[in-house]
Amino acid sequence: MKLPIYQIDAFTTKAFGGNPAAVCPLTAWIPDALMQSIAAENNLAETAFFVPQGDGYDIRWFTPLAEVKLCGHATLASAYVVFERLAHGGEKITFHSKSGPLFVTKSDGRIALDFPANPPRPCAPPPGLVESLGKAPTEVRRADVYFAVYGTEAEVRSLSPDMAGIEKLDEHAVIATAPGTDVDFVSRFFAPQVGIPEDPATGSAHCKLVPYWAERLGKTVLRARQVSARVGELWCELRGDRVIMSGHAAPYLEGTIDV
């Protein structure tokens with residue numbers, strides 16, 4: 001079986017920045033085990049698979065170790081492939097996912113994702129979180145991941161987490177965040193449980209980050225930067241119970257896999 005594959009760098013204007021995602025457009029679903037094997041072979045944070053469904057597409061995402069319910073950067077990468085390589089008519093796409101419908105549009109030269117907001121709630125730090133991060137946050141929250149708030153961008157940048165400790169937590173990932181020096185907020189994302197020690201640019205994390213910072217800063221339109229080594233740049237807006245996050249995408253690879 002020969003399948004098309006693309007590798008797209010998301011939330012960046014140039015290759016080698018942002019977050020790389022593999023994208024495999026399908027005409028019909030292939031076995032789950034095969035999709036997981038392809039994702040493991042790609043060894044990227046996410047591989048997205050999608051099939052036509054009605055006037056949109058069904059989409060699924062796999063890390064090297066597991067399927068996940070939501071992934072922003074691989075959705076942006078998939079939208080880039082639909083818009084730029086599959087001759088999609090129009091400026092809008094609907095992806096149907098395990099997290100509900102995801103709406104994508106072209107906007108101001110960027111690709112904009114419309115995702116459900118998932119505000120984090122205050123919680124006590126779980127055992128091992130502070131020790132694993134190496135520095136105590138000023139606040140801890142939870143929303144299907146742990147959410148550690150720091151006072152400065154420099155503190156977030158300087159973190160060198162113990163991934164073995166992060167992996168033992170009872171949530172699959174940890175977001176570290178702080179006010180930015182030249183953007184509204186910065187973040188980093190650690191998810192060793194699903195095979196991603198540090199994700200370079202994480203759309204789904206901003207479903208938690210944007211509601212938090214919108215409330216804290218008293219504004220709904222926000223500029224964000226994920227301060228990983230590759231750096232992710234996002235333009236964000238909170239619209240009720242939805243988060244709009246937009247960014248650029250840069251193509252890196254196009255080919256065929258034989259499985």
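Every read-out reported here was derived from the displayed coordinates using simple, explicitly stated rules and does not represent laboratory data. Here the structure is a predicted model, which is why all the values come from computation and not from measurement. Ideal geometry is used to build each Cβ from the backbone, glycine not excepted, and the neighbour counts take in all protein chains shown.
Dividing the summed -39500 (n - 2.57) terms of all DSSP H runs of n ≥ 4 by the residue count of the chain sets its mean residue ellipticity at 222 nm at -5500 deg cm²/dmol. Residue ranges 76-82, 185-191 sort as 76-82, 185-191 when ordered by packing (mean number of other C-beta atoms within 10 Å per residue, highest first). Within straight-line reach of Lys92, meaning a Cα separation under 19 Å, sit the following lysines at least 8 residues removed in sequence or on another chain: Lys106.
Between Phe103 and Glu131, the C-beta separation translates, for a Förster distance of 51 Å, into a calculated FRET efficiency of about 0.80. Straight Cα distances below 17 angstrom link Lys208 to the lysines Lys69, Lys219, with same-chain residues fewer than 8 positions distant left out. Across the stretch 121-239, Cα-Cα pairs more than 23 Å apart make up 20 percent of the total.
Of all DSSP beta bridges confined to the stretch 121-239, the antiparallel ones make up roughly 75%. The HN-Hα couplings worked out from phi for the stretch 146-162 by the Karplus form 6.51 cos²θ - 1.76 cosθ + 1.60 (θ = phi - 60°) are 8, 9, 10, 9, 10, x, 9, 4, 4, 5, 5, 4, 7, 4, 9, x, 7 Hz, whole numbers, x standing for Gly and Pro. By other beta-carbon atoms within 10 Å, ranking Met163, Met1, Met35, Met245 with the fewest at the front produces Met1, Met163, Met35, Met245.
Here's how it looks for Glu198: its modeled amide H is under 5 Å from those of Ala191, which are all 5 or more places away or on a different chain. The packing ranking, built from the mean of other Cβ atoms within 10 Å per residue, places the peptides 123-132, 170-179, 220-229 in the order 170-179, 220-229, 123-132, highest first. Inter-part distance, the stretch 152-194 to the stretch 44-64, computed on C-alpha centroids, equals 26 Å. Modelled this way, with points 7 Å down the Cα-to-C-beta line, the labels at Phe16 and Ile30 are 3.0 nm from one another.
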